[in-house]
Structure formats: C-alpha cells, structure tokens
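Worksheet: one structure, shown below.
Coordinate-derived values only; no laboratory data. Bear in mind the structure is a predicted one, so any value in this text is a computation, not a measurement. Every residue, glycine among them, receives a Cβ derived from its backbone with ideal geometry; neighbour counts consider all protein chains shown.
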Amino acid sequence: MFLFVGLGNPAENYANTRHNIGFKVIESLSVHFKASCILKPQFFGDLYKIQNTLFLKPMTYMNNSGKSVGAVANFYKPREIVVIHDDIAIPFGSVRIKRGGSDGGHNGLKSIDAYIGADYIRVRLGVGALKAEQDAAGFVLSNFSKEESSCVLKLIDYAAIICEELLVKSLDEVNRQYTSKKGICAGNG
C-alpha cells in the first residue's frame, strides 16, 4: 500500500499559497483516480482511498502534519509513504525526488519526522526563492503571482504524474526520468 501525503494548510485563505502546493497535487490525484473519501476523525485529515493507494491532506495545519500522517500510517501500515511539499531551496518550477534527508527547515517535514521518522520519499516542488529582505514564513504563505500561475498548474500536473509513476516504477527510475533541476516551464530550462 502507498500513502501519498500533500502538505498544506486547511483554511480557505491559504488555498492558493506556495505552502499549499502539496494539497493541490493530492486534490488532482484523488479526482484522477476517483478515490473514495474516508471520513474518520482519528485521521485528522482528508483521506481518500482507491484499492491499495491512499491520498492524504492533513488538516492539522502545516506545523502539526505529522499527527495526521502518523495516525494514518499506524492504522494502514503502508509499505511506502510519499510526501509532496513546497521547497524554497530549489528553483521555481523544478522538482527533486529523494528518500529521507533533513527537514531543511520545513516545519511540515519536521513534524512528520517526529511522528514516523525520516525514511520516506519526498517530492520537492520548487515554489520560488526568497529575496534577501523576505521572511520565509511570509513568503511560503503568499499566493503565486499571475506570471507564475500557468507554471504552477504544470508543476502540479507533473508532480501528479511522478506520483503515478512511483506506483509502478522504482524510485531510481522515477528520479532519473522526472527530476527537473532547472524547471519544467518554458524559459526555465
């Protein structure tokens, strides 16, 4: 069983922020697979299931994502967990895929690591880099610009394809085929 987790914040005012790109990928996947919603409060999130695949949007807010991930993981015992999240340390529109590693200052990952450890696959989505005068929290909680919006839709679709491929291919295969260092959008390399 696979558990795909998209990170974000549940309140409507966060819906289109950089921090919520993981939620957008899970929404895309759950619709694509026509997954059924599982309404159980003990999972602290929106959980969808189709056959041996789960899609989770933790509703605990970013900084406590691990509570939801831990509850679902403890109940279903998935053989693989894939976390899709924003990353300000890689170029806008780029994608990195890896297993484990540090939380890189990402509070959602820090929370997940505290509940289940760090041995899970991460699909890191470049949402833009901070300018010297910017605050990280303010930046990730800001909306994408109009200029960035079309690329963000491509990035969400690309991440969803990566997740589908992880169901049938090894991490190494998917990494070789889909890692994008410069960005998936025209003009980004």
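Just a few scattered comments:
- Of Asn175, Ala129, Phe4, farthest towards positive along the dipole that unit charges on Lys, Arg, Asp, Glu beta carbons give region 2-178: Phe4
- Spatially close Lys pairs in region 52-171, defined by Cα atoms under 17 Å apart and a spacing of eight or more places or different chains, total 7.
- 0 to 90° range, to nearest 10: angle between helix 65-76 axis and the chain longest Cα axis: 40
- Fraction of antiparallel bridges per DSSP, region 2-178 only, in percent to nearest 5: 50
- Student exercise, the chain dipole from Lys, Arg, Asp, Glu Cβ charges, in Debye to nearest 20: 320
- Rounded FRET efficiency, nearest 0.05, which uses the C-beta distance separating Glu12 from Ala118 and R0 of 35 Å: 0.65
- Angle of helix 21-32 to the longest C-alpha principal axis of the chain, folded into 0 to 90 degrees and rounded to 10: 50°.
- For Glu80, nonlocal amide neighbours, meaning residues 5 or more places apart or on other chains whose placed amide H falls under 5 Å from its own, are Leu3.
- Order of Arg96, Arg18 under a 10 Å beta carbon neighbour criterion, fewest first: Arg96, Arg18
- Degrees between helix 146-166 axis and first principal axis of the chain (Cα, 0 to 90, nearest 10): 40
- Each residue of region 46-59 was assigned a 3J(HN,Hα) from its phi angle through the Karplus expression (A = 6.51, B = -1.76, C = 1.60, θ = phi - 60°), giving 8, 10, 10, 9, 9, 6, 9, 10, 10, 10, 10, 10, x, 9 Hz with x at Gly and Pro.
- C-alpha center-to-center spacing [region 123-189, region 54-110] in angstrom: 14
- Of the residues Val152, Phe43, Ala15, the one whose Cα sits farthest toward the positive end of the charge dipole of region 2-178, with +1 on the Cβ of Lys and Arg and -1 on the Cβ of Asp and Glu, is Phe43.
- Of Leu56, Leu109, Leu153, the one that fluctuates the most in a GNM where the chain has Cα springs shorter than 10 Å: Leu153
- Over the chain, dividing the summed -39,500 (n - 2.57) contributions of all DSSP H runs of at least 4 residues by the number of residues returns a 222 nm mean residue ellipticity of -11000 deg cm²/dmol.
- Value of relative contact order over region 22-84, rounded to a whole percent, pairs C-alpha under 8 Å and six or more apart: 26
- Where no second cysteine Cβ lies under 4.7 Å, the cysteines concerned in the chain: Cys37, Cys163
- Given in Å, the Rg to one decimal and the Dmax to the nearest whole number for the Cα atoms of the chain are 15.3, 47.
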